[in-house]
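See structure below.
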Amino acid sequence: MSVITLESAIGVKMIIDKKEWRLPKPVSNRPGYDMEYYRVYLGNYFGNMNIKKFLDNEKLYDSLLIMRKEESPIQWELRVKTTLQSLLSQKEYSIYHTFCLFAGYGEVEFDKSYHEYYRSKIHKNNLAICFRCWKPFQVNEIKPTKSYHHVWHKFIELIEVKDMMQRHWDQECSDPLSDLGRARVKQQAFDKFKENDPIGVYCNKLRPSLNKYQDSVRDEPHSSTPNILFISSRYAKQPKGTALRLRDGTVIMISN
Ligand SMILES: [Zn+2]
């Protein structure tokens with residue numbers, strides 16, 4: 001039997017189903033926050049996982065989640081960022097702090113054993129530090145989504161860790177993991193590039209891909225100035241001064 005790693009447990013979704021006896025009953029709408037849920041879930045479905053390692057990692061991350069008095073969110077981020085980066089680079093993952101470090105308050109009882117450990121309370125301002133852009137942000141409130149469970153043949157309610165990141169990824173993050181967020185970052189980079197390109201170097205470089213747009217402009221009855229090419233009368237049958245219009249709107253002028 002293969003050993004179940006901590007990494008494979010990270011994607012565990014919180015399933016809310018009061019009738020399903022195999023599932024623990026969560027008390028919080030935050031995956032991973034509810035230690036009791038994870039203890040029971042991992043015990044049921046990840047029986048041979050290294051439970052001590054799981055708890056050690058959670059404690060490591062939890063040791064950073066308290067914002068000190070008089071500390072601003074940015075100062076908190078600067079204080080914990082290097083430690084977080086080193087944990088992530090060594091693949092020492094936390095199940096609760098999967099994509100960000102959630103702010104907490106109160107006491108964290110690090111001396112407690114696996115069955116007694118509870119993390120500190122969630123900070124009222126819902127603040128967190130994103131592991132992608134390393135900026136503090138406010139976590140969005142989440143509601144469970146309905147999903148069909150193919151083994152149980154019924155609809156269940158689910159909460160995934162990434163649900164809490166959705167708004168930040170979509171609207172703010174500079175290195176998001178959501179499709180909408182990625183599209184926004186691309187668009188912003190493109191807009192910025194255009195702003196810094198007043199002489200239109202970019203447009204000249206990409207002329208072929210812009211032809212479609214130019215053609216559509218030319219097709220309009222009152223389009224702007226057409227492209228004009230001048231050809232010497234020595235190379236044309238038509239007399240000097242003749243103007244020929246091509247189908248794409250380009251005008252060929254026979255000159256001297
Ligand atoms: Zn971010």
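To the nearest 20 debye, what is the magnitude of the charge dipole of the stretch 82-181 about its Cα centre, counting +1 on the Cβ of each Lys and Arg and -1 on the Cβ of each Asp and Glu?
Roughly 160 debye, rounded to the nearest 20.
Indicate the gyration tensor shape class of the stretch 6-187 (rounded, prolate or oblate), computed on the Cα atoms with a ≥ b ≥ c the square roots of the eigenvalues: a/c under 1.5 is rounded; otherwise a/b larger than b/c is prolate and the rest oblate. Because a/c hits 1.5 or more and a/b fails to exceed b/c, the stretch 6-187 counts as oblate. Over 19 Å apart at the Cα level, from the set 69/121; 53/81; 69/124, are 53/81.
Could you give the Stokes-Einstein D for the stretch 14-81 in µm² per second, using the C-alpha Kirkwood radius, 37 °C, 0.692 mPa s? Write down the numbers at each step before the final one.
On the way: Rh = 14.2 Å.
Rounded to a whole number, D works out at 231 µm²/s.
Read the figures in this text as sums done on the coordinates, not as results from a lab. In this text, all values refer to a predicted model and were calculated from it rather than measured experimentally. Using ideal geometry, Cβ is built from the backbone for each residue, glycine included, and neighbour counts are taken over all protein chains shown.
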